[in-house]
Amino acid sequence: MPAPADRPPAAPILSVRDLRTWFLTDAGPVRAVDGVSFDVHPGETLGIVGESGSGKSVCAKSIMRLLDAPARIVGGAIHFRGRDLARLDEEAIRAVRGREIAMVFQDPMTSLNPVLRIARQLVEAMTAHGRFTPAAARTRAIDLLRRMGVAAPERAVGSYPHQYSGGMRQRVMLAMGFSNEPALLIADEPTTALDVTIQAQILDLLRGLNRDMGTAVILISHDLGVIANVCSRVLVMYAGEVVEEGAPEDLLTDPRHPYTWALLHAAPRIDAEAEDRRLVTIEGQPPDPRTWPEGCRFRARCPFAVDKCAEHPQLLPAGEGRATRCWVTQAGGALHTPARPAPLPAVPRPEAAPGPLLQVTGLQKHFVLPNDGYFGQPRVLRAVDDVDLTVSRGETVGLVGESGCGKSTLARLVTRLHQPTAGRIVFDGTDIGSATQAQIRPLRRRMQMIFQDPYASLNPRDRVGEILAGPLRLHGIVDGEAAARQRVAELLDLVGLPVQSARRFPHEFSGGQRQRISIARALSVGPDFVVADEPVSALDVNIQAQIINLMVDLQERLGLTYLFIAHDLAVVRHVCDRIVVLYLGRVMEVGRAADLFARPQHPYTRTLISAAPVPDPRIERTRRHVPMLGEPPSPLNPPSGCRFRTRCPIAEARCAAEVPPLQDIGGGQFAACHFPGKF
Amino acid sequence: MLRYVVSRLGLSVVMVLLATLVIFLIANTVPGDPVLMQLGDLAASNPATVAEFRHHWGLDLPLWHRYWIFLDGMLHGDFGESLVSRRPVLRDIADYAPATVELASIAFVLSLAVGLPLGILAAVRRDSWIDHLARAVSLIGVSAPTFWLAFVVLAIFYGWLDIAPGPGRLDPVSFPPTPITGLLLIDTAWLGDWDTFRDAAAHLVLPSIVLAGSTLGLITRTTRAAMLEALSQDYVRVARAKGLRGRAVVTGHALPNAMLPVVTLGGLAYANLLAGAVMTETVFSWPGLGRYTFTSAVAVDFPAIMAITTIVAIVFVAVNFLVDLSYALLDPRVLKR
Ligand SMILES: Nc1ncnc2c1ncn2[C@@H]1O[C@H](COP(=O)(O)OP(=O)(O)OP(=O)(O)O)[C@@H](O)[C@H]1O
Ligand code: SF4
Ligand code: SF4
Ligand SMILES: [Mg+2]
C-alpha cells in the first residue's frame, strides 16, 4: 500500500535503534555492528554502502534474526510493525521471515538447494506461512517466475537449479522473496556475482517490483553506481556505524563525510575522461572491530582530521534530509577536491622501442569436453575463435566481455599456459604459438601473469620471501642467498610493503596486500609484458584504487606492457589505452579507450556500456539505457553468422547468414558488425 | 539415465575382470607351497606323488593357461575344488555365506539406525551433550580393536552377567531349520518356528553389536560432518529466511545433501562387513565367510582363497555400482553435466 504522494510520509515500518550485534568470540567481542540506527518507510528504497567488513551483512542478518553463534544482538531494538524483532521468540520471528520481511542473498549459485526442484523451493516459501495450498502456490510460482522474466516458467519449475545461469537463479530468488508480498525486502549484494548486463536487468526488475508492489527495499551494495541506480536514500557504513545518510543526489555529488568522499574519489568513473590514471586513495585499513579507536573511527585515515576528532562524533543532521557523523562538516566545513597522489619519484624510464610486442593472428582454442558416459560425440567448446590482437610496447590493452566470453582463456593462450588449437602468437619477433614449453622457457621471464584471487595463487605454506625468491632462483637471476634477499627487499619496497613482510605467510596479509605480493612475484623476474586477469575484481574500491595506482606507477617506472582483463568497464576505461571487446570467443570491437566509450560502433559495446551504472543519480537519469536482451547463448552452440545476433536490437536477416568481418571504422577503431554505428 | 546405467555397468564388468587378474596373479605368486602344506613332509619327499598332485590340480600348466581356466570356470560358476574339503568351492561358500550375510546385514542396519540419527542430532545440536556422545561413540567404534571388543562383551554379557547366549548361531539344543535361504531369521519365520527364531535372534545380538561398532563409528562421524557442512551452506540460510521451521530446514534441505557422502561410505562399509568379519566370527564361533577365509588362508587353499577374493571383489564392485545409481537418484547434477 504505497502512501499517496500528497500526504506526509507515513510512519516508518522499520526502525532500527542503536543496534549492537557482536561476535562473542573467545578472543573477546568483535563489535561488527556497534550502534546503528535508521528508519525504513513504506515503499522506500534504502541503500546501504560500505567496504567489506563494515557490518552491512551483519546488520541485515540481525533484522532477520539469522545470526549464527557466536553472533548475538547485545543491544538496541528493531521496531517493525509494533514489535521488537530483537526480542521475538523463535516461533514469532519465523512467522516474520519470508512473510513480512524477505531476503535475497549475494550468490545465486549457492542460494538454491542443488538437489531440490525449483518448484518445491518456491512452493514451500508460500506454504510455510499457510497462505496458500500447495496447488495454489505452484500456480503462483509459475506466475511469479513469468513476472521475473524467466522464459518458459512452466518448464522452469520442474527443473533443478544447476540447469540455470546465475542471472536466472537470481530471478528465482526474487520470485521467492516476493512470493508472500512482504512489506520489506532485504537484498544483500544481489548483483555482485553477476555480469554487468545481467546486473542491469536484475536492478530494473527490482525497481519495477518496488514500484508495482509497494514493497520497501533495503539494498546492500559496495557499488555506489548500483545504489545511485535504485535507491531513494543511502546509508554509508564504516566500522560498524552509520557515518552518513542522505538522498543519493546529495550524498554522491556533495558528500559530507570524509569517508564517503574517499569512496567516491577512489572509484573510477565510466563517464569521465581521466587526465591522470592515478586515483585518490586513503591510506591504511579499517580499524580492528575488537578495539574500535576512541574518538572518530575514521580518524587514523582521515585527511581532514582536527583535534576535536579525538571525541566520538554523533550522527547529526547536516542539511535537508541528511545527516553526518563528522565534527568538521557538522561545523559547516567543506571537503575540498582532492589532490592527486604524487607520482613516484621519476626513474629514468627505459625507452620503449615502438612497434608491437605481441601480435596474435587467427588464434583459436577449442576445448573438447568429454561427453557423459562412453558414448556419443564429444562436444567442442570454442572458447577463443579466430582472434586477432596487437599489443604495442608500453601500452595497456584492456579485454572486456561478459563471463565466459573467453577473456581468461585468451590470457592463458598469449602466455602459453594453454596450447592454442590454431593461430600465430608472435612475441617480440618469436612465434610462440606452436613452440614447445622448452623453447618458451627463456621467454617466460619476460611475460608474467597476475590473477584475480591472490590467495589461491600464493602457496600458503611458503613465507613471502620464499615466494618471491623462488622465480629468481628458477630463472637463475640472482647469485647466492644474499643477492636473493637483497632483491626480495627491493621488490617488497617496489610494491609498497615493509621489508619485514618477507618473513610472514600469505594468510597474514589482507586481500590488497596479497595482491601486492603477487605483483611483486610477477615483477621479480623483470618481465616486460604482464597479463593481469581481473587483478582488482575481488577488492574494495579503496584497495582497488591503491592497486591500480601501483600498476600505473610500475608501468611508468619499468616501461611495462599490460594486457589487462576486468569485467568492470569503469576500471578498464580508466587504466587502458586500447580496449578489445570479446563476445563468445570473438572480437566484437577494438578501439582507443576514449573513442570506444564515446562512440561505440558495435551494438554489443553500446549495450555493455549502457548497462554499467554511474554513481550519480542525475547523470543516471539522463543516460539512455539500452536494455541488453537475454543472456549469452552457450559457447557450445553459438549462433550462426554474427554471434551477437540473438541479443542484438538491430539484427537483420543478413546477420544470421554472414559472419561480419572486423572492419576498419577509421581512427584505429574496428568493429565486427554489418551495420557499424547504426545503433 | 539409461545411458548412465549402462556405462556404469560396463565399467563394473571391466573392474571385476581386472580384479580377477590381480587376484590370480597375487594368489599364484605368494610364498607358501600348497604341495608342502597339503601333502606333508613325508609325501612331499616323493617326486612321483608331488608330480601327480601338481598335475591333478593343474599346477604344472603355464600361468596364463591357468588364468584362462580360472576365468572360464568362474563364468560357469566353477571355482574348482577346495584343497581342504575336496568339495566344489562354491558349495562351501554357499554353506558359509548366509551366516555372514545375516550377521553383516543386521550389523549394518543397526549402525544405520543408530549412526544416522546420532550424527544428525550431533550436527544440529553442536557442542551439546549429544554431540559429545556422538563423538565418543565414533571414537570408540572406530578405534576399539574388534577382537578386544568381542572378548569384552562376550565376557561381560555371557560369562559374567549370563544374559546373552554363548557363541554360535543357535543353542546346541535347538534344531536348525531346513535351509531355504540359509538366513536363520527368515527361514524360521517362514516356517513359523518362533522358538528357534528367538534363539537365533538372541545369538545375533552380541556379534552384530561388536561387528557394528566400527561401521557405526564411521557412519556417525560422516553423517555429522556432512550435516555440519550442509548446514553451513547458503541454501540452508535461504531456507531459514523463508520462515521454514527448524525441522523442515534440517530434514528438507540439509539432509538430502548430507546423504551423498553417507551413501558412498555406507555402501563401502556394508561391503566391508560382508568381507571382513574374521575377528568377530572367530570369537563368536560364527560359521561364516570370515572363518572360512581364515581357515582357507592358513591352509593356503588356493581355489578357496581365489573364489572368496573374487566374490568379495564382485560384492565391492556391485555395491559401488549401486552407490553410483543412488547418487544419480539423489543428486540431479550427476546425470546432467
Ligand atoms: N563468524 C565471524 N566471527 C567473527 N567475526 C566475524 C564473523 N563474521 C563476520 N565477522 C566480522 O564482522 C564484521 C562485519 O562483517 P559483515 O559481513 O557484516 O561485513 P559486510 O559489510 O557485509 O562486508 P562485505 O562487503 O564483505 O559483505 C567484520 O569485521 C567481520 O570480520
Ligand atoms: S570527525 Fe574528524 S576524523 Fe572523523 S571524519 Fe570528521 S574530520 Fe575526519
Ligand atoms: S552484425 Fe547484425 S546482429 Fe551482429 S551486431 Fe551487427 S547488426 Fe547486430
Ligand atoms: Mg556482506
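The values are calculated or read from the model by the stated rules, or taken from the named source; none is laboratory data. Here the structure is a predicted model, which means the values were calculated and not measured. Heads up, the Cβs are rebuilt from the backbone with ideal geometry, glycines too, and the neighbour counts pull from every protein chain shown. Side chains included, ligands, DNA and RNA excluded: accessible areas come from the protein's heavy atoms. Shrake-Rupley method; radii C 1.70, N 1.55, O 1.52, S 1.80 Å.
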- Taking only Cα atoms of the range A:388-445, the Rg to Rh ratio with Kirkwood Rh works out at 0.96
- Note on the structure: With Cα coordinates, the longest principal axis of chain B makes an angle with the long axis of helix B:63-75, in degrees rounded to 10, of 60 degrees
- What accessible surface, in Å², does a 1.4 Å probe find on A:Thr110, ignoring ligands, DNA and RNA and rounding to the nearest 10? 50 Å²
- Simple label model, 7 Å out from Cα along Cβ direction - A:Ala653 to A:Asp577, nm: 4.5 nm
- Query: How about A:Lys365: which lysines have a C-alpha closer than 20 Å to its C-alpha, ignoring those fewer than 8 places off in the same chain?
  - Reply: A:Lys407
- Message: From the protein chains alone at 1.4 Å, what is the descending order of accessible area for B:Trp64, A:Trp22, largest first?
- Response: B:Trp64, A:Trp22
- Message: Run the reach check for A:Lys61 against lysines, Cα to Cα strictly under 30 Å, same-chain hits fewer than 8 apart removed. What comes back?
- Response: B:Lys242
- Surrounding net charge for A:Ser179, when Lys and Arg each add one and Asp and Glu each subtract one, Cβ distance under 12 Å: +3
- Query: Sequence-distant or interchain residues sharing an amide H contact under 5 Å with A:Val531, placed H: which?
  - Reply: A:Gln448, A:Met449, A:Ile450, A:Leu563
- Span per principal axis, largest first, for the Cα atoms of the range A:14-251 (Å): 49, 40, 34
- For the range A:443-451, take each phi angle, set θ = phi - 60°, evaluate the Karplus expression 6.51 cos²θ - 1.76 cosθ + 1.60, and give the result in whole Hz per residue in order, putting x for glycine and proline. 7, 3, 4, 8, 10, 10, 10, 10, 10
- Task: May I ask you to derive the FRET efficiency for B:Val298 and B:Leu329 from their Cβ-Cβ distance with R0 = 51 Å, giving the value to the nearest 0.05?
- Result: 0.75
- Item | Residue-wise HN-Hα coupling along the range B:204-216, computed from phi with Karplus coefficients 6.51, -1.76, 1.60 (Hz; x: Gly, Pro) | 6, 4, 4, x, 6, 5, 4, 5, 5, x, 6, 5, 4
- Can you give the relative contact order of chain A as a percent, counting alpha carbon pairs under 8 Å and 6+ residues apart? 13 percent
- Message: What does the buried accessible surface come to for B and A, summed over both chains, with the probe at 1.4 Å? Round to 100 Å².
- Response: 2800 Å²
- Note on the structure: Amide H neighbours of A:His41 at under 5 Å, excluding residues fewer than 5 places away on the same chain, with H built from the backbone geometry, are A:Ile13
- Rounded to the nearest 10 Å², what accessible area does B:Tyr327 show when all protein chains are kept and the probe is 1.4 Å? 60 Å²
- How long is the range B:90-298 along each principal axis, judged by its Cα atoms, biggest number first, in Å? 63, 34, 34
- Could you tally the net charge around B:Val323, taking each other residue with its Cβ under 13 Å from the Cβ of B:Val323, Lys/Arg +1 and Asp/Glu -1? -1
- Number of partner chain Cβ atoms within 10 Å, mean per residue of A:119-130: 3
- Item | Positions from the range B:306-337 whose accessible area shrinks by 10 Å² or more when the full protein complex is built, not the chain alone, probe 1.4 Å | B:Leu330, B:Pro332, B:Arg333, B:Leu335, B:Lys336, B:Arg337
- Between the modelled labels at B:Asp127 and B:Ile156 (7 Å from Cα along Cα→Cβ) the distance in nm is 3.1 nm
- Item | Whole-Hz ³J(HN,Hα) from phi, Karplus 6.51 cos²θ - 1.76 cosθ + 1.60, for the range A:522-532, glycine and proline x | 4, 7, 4, 8, x, x, 10, 10, 10, 9, 10
- Message: If I take every Cα pair under 8 Å that is 6 or more residues apart in the range B:90-298, average their sequence separation and divide by the length, what percent do I get for the relative contact order?
- Response: 35 percent
- Note on the structure: For the range B:238-337, the per residue accessible area (1.4 Å probe, Å²) is 39 Å²
- Item | Unit charges at the beta carbon, dipole of the protein assembly as shown: most positive-side option, A:Val40, A:His79, B:Val317 | A:Val40
- Item | Length-normalised contact order for the range A:34-135 - Cα pairs under 8 Å, 6+ apart - percent | 15 percent
- Got a number for carbon plus sulfur as a percent of the range A:382-500's accessible area, 1.4 Å probe? 47 percent
- Query: Mean residue ellipticity at 222 nm from the helices of chain A, using -39,500 (n - 2.57) per DSSP H segment of n ≥ 4 over the full residue count, to the nearest 500 deg cm²/dmol?
  - Reply: -9000 deg cm²/dmol
- Residues losing 40 Å² or more accessible surface upon assembly, the range B:223-248, compared with the chain by itself, 1.4 Å: B:Asp234, B:Tyr235, B:Arg237, B:Val238, B:Arg240, B:Ala241, B:Lys242, B:Gly243, B:Leu244, B:Arg245
- Item | Candidates per trypsin sites (Lys or Arg not before Pro) in the range A:201-247, loop by DSSP, up to 16 other Cβ within 10 Å | none
- Message: Let me check I've understood the local charge: for A:His222, count other residues with C-beta under 10 angstrom from its C-beta, Lys and Arg +1, Asp and Glu -1. What total comes out?
- Response: -3
- Carbon plus sulfur fraction of accessible area for chain B, probe 1.4 Å, in percent: 70 percent
- Can you work out the PRE-style zone for A:Arg83? Point 7 Å along Cα to Cβ, and I want the residues of the range A:9-28 with backbone N under 18 Å. A:12-17
- Sort out the exposed loop GluC sites (Glu not before Pro) in chain A (DSSP loop, at most 16 other Cβ within 10 Å) and tell me the longest stretch that has none. A:352-651
- Task: Could you tell me the accessible area of A:Lys678 in Å² (1.4 Å probe, neighbours in place), rounded to the nearest ten?
- Result: 130 Å²
- Query: Which whole-number percent of Cα pairs in the protein assembly as shown have a distance greater than 45 Å?
  - Reply: 48 percent
- Hull surface divided by four, with the convex hull built on the Cα atoms of the range A:12-65: how many nm²? 4.1 nm²
- Query: How many Å² of accessible area per residue for the range A:235-300, probe 1.4 Å?
  - Reply: 37 Å²
- Query: With +1 on each Lys and Arg Cβ and -1 on each Asp and Glu Cβ, how big is the dipole of chain B about its Cα centre, in debye rounded to the nearest 20?
  - Reply: 1940 debye
- Can you give the charge dipole size of the protein assembly as shown about its Cα centre, rounded to the nearest 20 debye, using +1 on the beta carbon of Lys and Arg and -1 on the beta carbon of Asp and Glu? 1820 debye
